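The structure appears right after this line, and notes come after that.
None of the figures in this text is laboratory data; all of them are computed from the coordinates on show. Predicted, not measured: the structure shown is a model, and the values here were computed from it. Glycine gets a Cβ as well: all are built from the backbone with ideal geometry, and neighbour counts include every protein chain shown.
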Amino acid sequence: MKALAFGVLLSVAAHAAYADVPWQEDFMSAHDRIEWNAGALYEGRFEDGSAFEIELAYPAPAGVSKRDADSFVQMVWEPHHYEGEPSGLFAVDAGAAAMRLKVLDEHSPENGNIYAITLAPDRASGRGTLTAPGGKPRSFTLRRSVPYTGIVVTRPAPADLAANSYYKQNGFAFSTFFPVLGDPDADAWIREHAGICRDEGECRNAVHILWRSPSLVSLKASVWGDSGGAHGDGRFETRQYRIDGRTMTPLGLDDFIDLRDECRATISAYVIAKLRAKAMPRADRGALDGREAAPFTPTSDGIAFHFNLYEVGGYAYGAPTVFVPRGQMEACVKYLPEK
């Protein structure tokens, strides 16, 4: 569990750095916060038996701006070809029960497809169709598996941003969206990361489920903020939990792959080659050495390694992901989840 321990130390150091922030307030418990049941992760099943996972947002309550509500990015993935990066969904039409969502992901075979969904009155289940451009609709059913909570807090702009036209007009906003798993330790970790705020202009956080199966749930916690500079900035971490009945146990990278030298070298060479193919100027930094706590998402077919901004390239290069297939890791695989 070396990787997990290293990740905990990084988290502690990060929170120490956040101690000197302009907002000396716990927004997760603010007296005037707007908190609501913001959406859920659903298990989908097509008529042919194939499965998918989809996150759906519910309409925001009064007092929550469209910008704040849109911070909950809806996503979808199908396990049979999933490589650790869900496809984003754009709401073409969205209501309390019926919605039409378009897949927006140029790298996904579902790019441009339309999900038409109708939820039951209690939102515990639903049904709908998936239609590809020029294709026939495929019917499916939905079952809610994990609820999401949303919290929004607004404040007047701080004095330091009084001259910034945007923040002078819109003020400060804190928004966060996160799943509720029902496990005390996991939910505590989720709320801790969902509540981080170190910026004066806005703080927008989200914890998303990137994999869920009977044996494993994988989380990605993103923290983003802006203090009136040229652009905002953010970072993310991942967390994996093995599920055994009602018990959830955190796992590190060394629970999924053998981290001996020969395995590190094999996997690192593949990751670096893929980063170079993406024209990342600091691709060599993608090696596993010293990256035990690197963000990653395990799937049935391999492991996706995620890189934060600036880690392997400047801001303009974004935050790339490299998926390492199971076959590429050969005998280094110790455990990957079942579909």
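General remarks:
- When each of the peptides 263-275, 160-172 is scored by how many other beta carbons lie within 10 Å of its residues on average, the order from highest to lowest is 263-275, 160-172.
- Computed about the Cα centre, the dipole magnitude for the chain is approximately 600 debye when only Lys and Arg (+1) and Asp and Glu (-1) carry charge, each at its Cβ.
- Reachable lysines, given that their alpha-carbon falls under 25 Å from the alpha-carbon of residue 168 and they are not under 8 places away in the same chain: 66
- Sites counted here are GluC sites (Glu not before Pro) in a DSSP loop (not H, G, I, E or B) having no more than 12 other Cβ atoms within 10 Å; the longest part of the chain that contains none of them is 107-337.
- In order along segment 64-75, the Karplus-derived 3J(HN,Hα) couplings, from 6.51 cos²θ - 1.76 cosθ + 1.60 at θ = phi - 60°, round to 9, 5, 4, 4, 5, 5, 6, 5, 7, 7, 7, 9 Hz, and Gly and Pro are given as x.
- Segment 254-332 - percent relative contact order, Cα under 8 Å, separation 6 or more: 31 percent
- Whichever aspartates and glutamates have a C-alpha closer than 19 Å to that of residue 136, once near sequence neighbours (fewer than 8 apart) are set aside: 47, 48, 78, 110
- Taking amide H as placed 1.01 Å from N in the peptide plane, residue 288 has its amide H under 5 Å from the amide H of 268, each at least 5 places away in sequence or on another chain.
- Anchor residue 278: lysines whose Cα lies under 25 Å away (excluding residues fewer than 8 positions away in-chain): 220
- Sequentially through segment 82-97, phi angles give Karplus couplings (6.51, -1.76, 1.60; θ = phi - 60°) of 6, 10, x, 10, x, 8, x, 10, 9, 6, 6, 9, 9, x, 5, 10 Hz, Gly and Pro residues having no value and appearing as x.
- Percent RCO, i.e. relative contact order, over the chain, from Cα pairs under 8 Å lying at least 6 residues apart: 15 percent
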